[in-house]
Protein chains: 4
Amino acid sequence: MNTFGRIFRVSMLGESHGECVGVLIDGVPAGIPLSPADFDGDLERRRSGARGTTPRKESDVPQIRSGVFEGKATGAPVLIVFANTDTDSAAYERLRTTPRPGHADFVALKKFGGFSDYRGGGHFSGRLTAGIVAAGVVAKKVIAPAVADAKLVEAGGSGDVAAAVEMAMNEGDSVGGVVECRVNGLPAGLGEPFFDSAESLLAHAIFAIPAIKGIEFGAGFAGSRMRGSELSDDIIDVDGRTRTNHEGGINAGITNGNEVLLKVAVKPTSSIKKGRQTVDMATGQHAEIRVEGRHDACIALRVPVVVEAVAAIVFADLLLLEQKVPRVARRG
Amino acid sequence: MNTFGRIFRVSMLGESHGECVGVLIDGVPAGIPLSPADFDGDLERRRSGARGTTPRKESDVPQIRSGVFEGKATGAPVLIVFANTDTDSAAYERLRTTPRPGHADFVALKKFGGFSDYRGGGHFSGRLTAGIVAAGVVAKKVIAPAVADAKLVEAGGSGDVAAAVEMAMNEGDSVGGVVECRVNGLPAGLGEPFFDSAESLLAHAIFAIPAIKGIEFGAGFAGSRMRGSELSDDIIDVDGRTRTNHEGGINAGITNGNEVLLKVAVKPTSSIKKGRQTVDMATGQHAEIRVEGRHDACIALRVPVVVEAVAAIVFADLLLLEQKVPRVARRG
Amino acid sequence: MNTFGRIFRVSMLGESHGECVGVLIDGVPAGIPLSPADFDGDLERRRSGARGTTPRKESDVPQIRSGVFEGKATGAPVLIVFANTDTDSAAYERLRTTPRPGHADFVALKKFGGFSDYRGGGHFSGRLTAGIVAAGVVAKKVIAPAVADAKLVEAGGSGDVAAAVEMAMNEGDSVGGVVECRVNGLPAGLGEPFFDSAESLLAHAIFAIPAIKGIEFGAGFAGSRMRGSELSDDIIDVDGRTRTNHEGGINAGITNGNEVLLKVAVKPTSSIKKGRQTVDMATGQHAEIRVEGRHDACIALRVPVVVEAVAAIVFADLLLLEQKVPRVARRG
Amino acid sequence: MNTFGRIFRVSMLGESHGECVGVLIDGVPAGIPLSPADFDGDLERRRSGARGTTPRKESDVPQIRSGVFEGKATGAPVLIVFANTDTDSAAYERLRTTPRPGHADFVALKKFGGFSDYRGGGHFSGRLTAGIVAAGVVAKKVIAPAVADAKLVEAGGSGDVAAAVEMAMNEGDSVGGVVECRVNGLPAGLGEPFFDSAESLLAHAIFAIPAIKGIEFGAGFAGSRMRGSELSDDIIDVDGRTRTNHEGGINAGITNGNEVLLKVAVKPTSSIKKGRQTVDMATGQHAEIRVEGRHDACIALRVPVVVEAVAAIVFADLLLLEQKVPRVARRG
């Protein structure tokens, strides 16, 4: 249930205020070079600290615990963990019986019968995306020379991301955003006609990212308002290149060799200083909740690198499945 | 690759102009009553014939070939097939080398090396949704008393669906639409924190439906433009009921007991009479293509029942997994 | 639950006295030639009629209902069904409440709450192996030029199969046997170190065959009585060829390029004319049972072709997974 | 590929001479008490040190890194690792190009292109069974009050295990053995008719244990030499109790409520002091190999607890699947 993929398989683990978070990756092609430094760039992009993100200083130092030998993947499962060091659980004690609106608190209580680690969101924490990003770094090596590239194109409904974030911070509130991801360099033929369509797999993995509430491919919802004659992407050469790309590089569930284009909607975090209403589960009494802990005014700022990671994971798996990438890297 | 689900497992099969289309369903709880008449209502909703849909008269008579005995599911796999009778393949001959923009033709060629059954879309045909709808009928019995209810709320960008369809027909063009689906009566606790979040599974299955290019839960993309204080659904009782439902009944990937609400974007079909540009794969020459066969001016008209089916399939699986529904129905 | 395989995926369906039995095969490489005649040889080997097998005349005519076009696999799921025609259910009526020792009757009652199709064993019938054999025919084409070859090497404990069968028939009793299977022509490197070892996958699939109660690879149980110095297969060249083959062509769960050798133990059928004791589930009274229907004195006679099929299915999947066989056949 | 199970899912990881070995367990019911001390008994049974086992002093201290909070499983994935401390890799350097007969060396080279961690067997090492045993400890809590109990009933072909081991040690040789496992307290109805028969799943998991070359259920191979009238287990009450248990508690792939009985053949380890022949892969020259490192004269001595673990893992998964065990433990 915490695993995704058929050949390149990613399993998530850990808790925000437990010992560690991490990821187990099976099916990594033997021979791919992997060193801790490879992860720096993407982890830095995910890390908090920028204006609008939580000041928690996370020790995002990836520890490669298995599956790598002499700097290269061995073909055995790769375990990467991040130790938790800067945890401050005191602020969460009260949340044990008073679920925060828009958070996992209530559903965790219902699903796991109160046995969850409630501190800092526990296993539900956004901190687990460090593991996704790490798996994405590996996946990006698998899909190369194809490249996934995501960015935040809108925050709080505006293209002026910085201004929107600033305003939310000043008000003790939060804003969401829209992340756009483009994947270039993929061959045609990835994905299946129905249940494992490229869109199915991408959406499946994207909705594993906390705070995502929507996804669209190509023209997406706007496309549903076009005419067929307008939406239709004329084919202009025998490689299937199209004049426009309203379909987002995927026809009938299968990549067509054009740029894969998707957008995701990121909700504003519900961890805000403004008061909201909830109920004390022990007493049934109404309660007001204000989150004073360290949180993000615009969690969407940290999402692009996670979306890239997930897109790379999906295509790594599909490329291996379609034998477009070998199971063992060439020596050299 | 053509299978979805962990316990309640659905596999699709068949071709538009082959012998049949159908579905194999594993994990159906033993004892559930099943007769061909149970399928009439939903199949009728999917069937063509309404204004704006193809005049092809499909013989959507479900044949239950296995897994049912004395009117009840036995617990063994249920095979349901629909024979193809009203097929007219002549119109497709030319498409063999001239891929229609926006269709599976090009990607099928690339993926399956030209061995696909190209007639009427073959295995990629929307006709395979008859199998999904049939599986949905079974799934709806599993999830009862929970109910999935979907409808077309917009076509061609307008709430006046009939007018939009009429206009498209007059112009030899097509329109898309937006389908809204609500599922009521589900318990809290369905779905997993990350890769098998309820949103992941729903989106995965929804994108198996042809022509879907977007999905959003609750406030979705509009929610990404709200403030956190505005989006946040206040909790008003110990059952987790919320004042608003901007999250669409799902927090942190897990149902919270409120109505599950999702919307999907359906693109306008690219099978239109208006000319579009493509390339003859054999010669590399540009070509114009006009589809003269029987097609839908607004395929979205037929999508709601398929979305309902898919939602029911997802929740049937999750309810079985969470032991909220027994593997064997009670006698009596 | 009724599905096996990761890429080449086989799902079983049907009932002995229902409409049909069959198999759905996903992941068949596009372009593989497939015609009904291809199945004749193996189905004939499985078919009853030989001395010692049931006189039921089964209409083992495979109907390819999907996934094949112009004589070749399209890459879409292949559905093959066998209609049931020569069914005589009267003899089974009494078994509804009086489970036969050694049969599925009791466990089916417990597992499926009495909703099973009890006629002729229903979904548990050995007749479903027709579907396995059909899938095996397809798989054999995938693994070629590698070849799986199985034969009955022992019946009733004796190498004189014919004599053992004759004796059992004369006594209204039954005998089991040992089937040996050899697979030649496989590359080294198939299988995984632990849970998906080649032995794990072969054993998994072999124990899907009714009446199998044991499996061993290479020297097997006899090997457990050897010394290490005796069992150890000396390596004699850089291709890994070994002087002996006590390991059965598999080291550490992975094929080593030598012949894969396995043996399976087939129990004697418990459908015999001799009286056995059971209990009437309705009354709790002891009852004697003698099976008068049409049955096999030595079901093991029909097992070799099923073992071959299963071995081919496993290796088809592993060869696809390891990219030793392409997903699309070459044209020509 | 390194994962087993449908709900209770076990993934293995690590290398013998890397940083650690371990296991990731998904689907552990929330609320099950888990502390490091729970693992002591079974890990002690697996540990080396007894006469006939390697003198390597492994630090089998399980570190529970995730999924447990306040002494109980949270429902999130449980990561358990064992740090490697007493590693001595010098002896393995030569093996890099000279594969040991009967070991993973040659197949690892072929499968992973020479990128494997060759030290101490790397990911193929029997040391990884520490992780299986740890998962088994958790699984045993899930299946309780059912109990799995395994023991070595034969070594070197003799019931006098101690004498056989002593002889092998004196000769610088090794012996194999037969392990018998009994599982009591299971309900009827576990397992599926074909591909996921109880025997299929047990065999699949058992063959993940290094050095296993055979498995049989109930009378097994001996049963294949009985008559049907002799093998058949008479049913003596409405609970399905049988007079004999030649079927090993499984009919038609499904548990019948009687004791599940299986035996496995363990080969003698090929790591022996006696000289064996192999080939230097770099030069193609024949070479003699004598293993001087620390090894087991009778690896079978350490197998029973691993077999128990694997049986418990299989039945934990089946009990959850059949809803005989809740997903969340009762508080109390």
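Please treat every number below as a calculation from the coordinates, not as lab data. Owing to the predicted nature of the structure, the values given are computational and were not obtained by experimental measurement. Cβ coordinates were reconstructed from backbone atoms using ideal geometry, including for glycine residues, and neighbour counts include every protein chain displayed.
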Percent of Cα pairs exceeding the 46 Å cut-off, where the set is the protein assembly as shown: 35
Cut-off 10 Å between beta-carbons: net charge of the residues surrounding C:His204, Lys and Arg +1, Asp and Glu -1: -4
Candidate lysines for bridging to B:Lys263, where Cα separation is under 28 Å - those fewer than 8 sequence places away on the same chain excluded: A:Lys110, A:Lys111, A:Lys151, A:Lys213, A:Lys263, A:Lys267, B:Lys140, B:Lys141, B:Lys151, B:Lys213, B:Lys324
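Decide, for segment C:98-247, between rounded, prolate and oblate: order the square roots of the alpha carbon gyration tensor eigenvalues as a ≥ b ≥ c, take rounded if a/c falls under 1.5, and otherwise choose prolate if a/b is larger than b/c, else oblate. Working shown, then result.
Numbers: a/c = 2.06, a/b = 1.58, b/c = 1.30.
Prolate.
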Net +/- balance of residues flanking A:Gly257 in space, Cβ distance below 15 Å, scoring K and R +1, D and E -1: -2
Contour minus Cα-Cα distance for C:Glu292 and C:Thr85 (0.36 nm per residue): 72.5 nm
Average other protein chain Cβ within 10 Å of Cβ, residues D:318-325: 3
Tilt relative to chain A, helix A:161-170 - C-alpha long axis, 0 to 90 degrees, to 10: 10
Packing-based order for C:68-80, C:125-137, using average beta carbon neighbours within 10 Å, highest first: C:125-137, C:68-80
Phi-based couplings in Hz for segment B:188-204 (Karplus 6.51, -1.76, 1.60; Gly and Pro marked x): 6, x, 8, x, 10, x, 10, 5, 10, 4, 4, 5, 4, 5, 4, 5, 3
Degrees, to the nearest 10: B:129-143 long Cα axis against longest axis of chain B: 10
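So for chain D, averaging the separation of alpha carbon pairs under 8 Å that are six or more residues apart and normalising by length, what relative contact order in percent results? Show your work: numbers first, answer last.
Values: 722 pairs, mean separation 79.6, N = 332.
The normalised contact order for chain D reaches 24 percent.
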Shielding by other protein chains, B:242-249, mean Cβ within 10 Å: 3
Amide H partners (placed H, <5 Å) of D:Ala287, local residues excluded: D:Thr278, D:Val279, D:Asp280
Inter-copy label distances at B:Asp40 (7 Å, Cα→Cβ; nm, one decimal): 4.6, 7.0, 7.1
Distance between segment D:1-79 and segment D:145-162 - C-alpha centres, whole angstrom: 23
Highest average packing first - A:223-236, A:178-191, C:249-262, Cβ atoms within 10 Å: C:249-262, A:223-236, A:178-191
Cα centroid separation - segment B:261-332 against segment A:87-143, whole Å: 34
Exam field: C:Ala144 pseudo-label spacings to other copies (7 Å along Cα-Cβ), nanometres: 4.1, 5.1, 5.7
Cut-off under 5 Å, modelled amide H: who pairs with C:Thr242 long-range: C:Ile236
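Nearest 20 debye, what's the magnitude of the dipole of segment D:3-321 about its Cα centre given +1 on Lys and Arg Cβ and -1 on Asp and Glu Cβ? Walk me through the intermediate numbers first.
Working: 34 positive and 39 negative charges, 147 e Å.
About 700 debye.
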Karplus-derived 3J(HN,Hα), 6.51/-1.76/1.60, for each residue of segment D:239-256, Hz, glycine and proline x: 7, x, 4, 10, 5, 10, 9, 5, 8, x, x, 9, 10, 6, x, 10, 4, 10
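Under a Cβ-Cβ cut-off of 12 Å, what is the net charge of the residues other than A:Ala76 that fall near it, where Lys and Arg count +1 and Asp and Glu count -1? Please report the intermediate quantities before stating the final value.
Working: positive: A:Arg65, A:Lys72, D:Lys111; negative: A:Asp26, C:Glu192, D:Glu15, D:Asp117.
It works out to a net charge of -1.
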Shielding by partners, peptide A:266-279 (average Cβ within 10 angstrom, other chains): 6
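Could you order peptides A:264-275, D:318-329, D:275-286 by the average number of other Cβ atoms within 10 Å of their residues, highest first?
Details: A:264-275: 24.6, D:318-329: 20.6, D:275-286: 15.4.
With the highest mean Cβ count within 10 Å placed first, the list reads A:264-275, D:318-329, D:275-286.
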Computed label-point distance, nm, for sites D:Asp160 and D:Val147 using a 7 Å Cα→Cβ extension: 3.1
All-pairs Cα distance distribution in segment C:3-321, expressed in whole percent, bin size 10 Å: 6, 25, 31, 24, 11, 2, 0
Distance between modelled label sites at C:Arg243 and D:Asn184, nm, 7 Å Cα→Cβ extension: 4.8
Residue-wise HN-Hα coupling along segment D:305-310, computed from phi with Karplus coefficients 6.51, -1.76, 1.60 (Hz; x: Gly, Pro): 5, 6, 4, 4, 4, 5
For D:Lys72, distant residues with modelled amide H under 5 Å away: D:Leu34
Positive-end extreme of charge dipole, segment D:1-148 - chosen from D:Phe82, D:Cys20, D:Val133 (charges on Cβ): D:Val133
